[in-house]
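Q: Input: one structure, supplied below.
The values are calculated or read from the model by the stated rules, or taken from the named source; none is laboratory data. Bear in mind the structure is a predicted one, so any value in this text is a computation, not a measurement. Cβ coordinates were reconstructed from backbone atoms using ideal geometry, including for glycine residues, and neighbour counts include every protein chain displayed.
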Amino acid sequence: MHYVHEWLELFRQELLHIDAIQVAVLIFGVSEVLLARANNILLYPTGIIATILGIFSLFSAQLYAECLLHAYYLVMSIYGWWYWAAKKKNAKAVEITFTSSKDWIITFVIVFGGSVVLFLFLSNMTDSQVPAWDAWVSATGWAGMWLLAKRKIENWLLLNISNAFAIPLLFYKGLPLLGLLTLFLFIVACKGYFGWLKIARKRMIRESVTTF
């Protein structure tokens, strides 16, 4: 209960000192996830804005790996925007699919390789107080964004692993507003997973019927 009261007080203090950048991050961050859940390509421009603005708050809290994660989000958002739009005017839109064995191998390399590299960097090159924690949140987030850009259903699972560890980290670092936003994103991502799963299954049924 003592920690709950501390978090509530931190949240109250942050609300009292909230600035325009934090408000913008909240608005565009929520919009990005809702658009992703709806399978709408506009998730990328809104995400790009939220990502750029979010780096400022995270850097001030010494969450350097999360800053790198957001920089990665920016790159993957640009790539994903291009990938979703398709290069040719009459090209078929990228379908929502399940992650293949090859994609899982790449995902695990990103998660565990990224965690080690980030941990070593944060431990030796920065004044980070939570290098292992910060590194894990960022590496799982990297993997989730890569799968999202490829329109793989399991992107939601990786993103929510990142979210689950990020929520207490943000509260611990005195960013309760971002912590509550991440909690909201966690809930929406759960719905997004089942929504994409339903879309993929309907397409598979439709294709099997067409085959016969």
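Q: Filter the range 56-115 for residues that are over 19 Å from A139 (Cβ atoms), aromatic (F, W, Y) and modelled with pLDDT of 85 or more and give the result.
A: Within the range 56-115, just F98 meets the criteria.
Q: Let me ask another. Of these, T126, T99, T107, which one is without any contact (Cβ under 8 Å) to a residue 60 or more places away in the chain, closer than 24 Å to C67 by Cα and hydroxyl-bearing (S, T, Y)?
A: Result: T107 is the single residue among T126, T99, T107 that is without any contact (Cβ under 8 Å) to a residue 60 or more places away in the chain, closer than 24 Å to C67 by Cα and hydroxyl-bearing (S, T, Y).
Q: Are any residues in the range 99-157 surrounded by 20 or more Cβ atoms within 10 Å (Cβ to Cβ), among the aliphatic types (A, V, I, L, M) and outside any helix (DSSP H, G or I), and if so, which ones?
A: Hit for the range 99-157 is I153, nothing else.
Q: Follow-up. So the check is Cβ under 6 Å with 6+ separation or different chains; which pairs have a first residue in the range 152-168 that's over 10 Å from G141 (Cα atoms) and free of Cβ contacts under 8 Å to residues at least 24 places away in the same chain and a second one that's polar (S, T, N, Q) and surrounded by 21 or more Cβ atoms within 10 Å (Cβ to Cβ)?
A: Short answer, once both residue conditions are applied: I167/T182.
Q: Sticking with this structure for a sec: I'd like the residue in the range 146-198 that is modelled with pLDDT of 90 or more and charged (D, E, K, R) and, out of all such residues, is farthest from T97 (Cα to Cα).
A: In this case the residue turns out to be E154.
Q: Please state which of the following conditions G144 fails to meet, knowing it meets all the rest: (1) in contact (Cβ under 8 Å) with a residue 60 or more places away in the chain; (2) touching a helix residue (DSSP H, G or I) at 6+ places or on another chain (Cβ under 9 Å).
A: (1)
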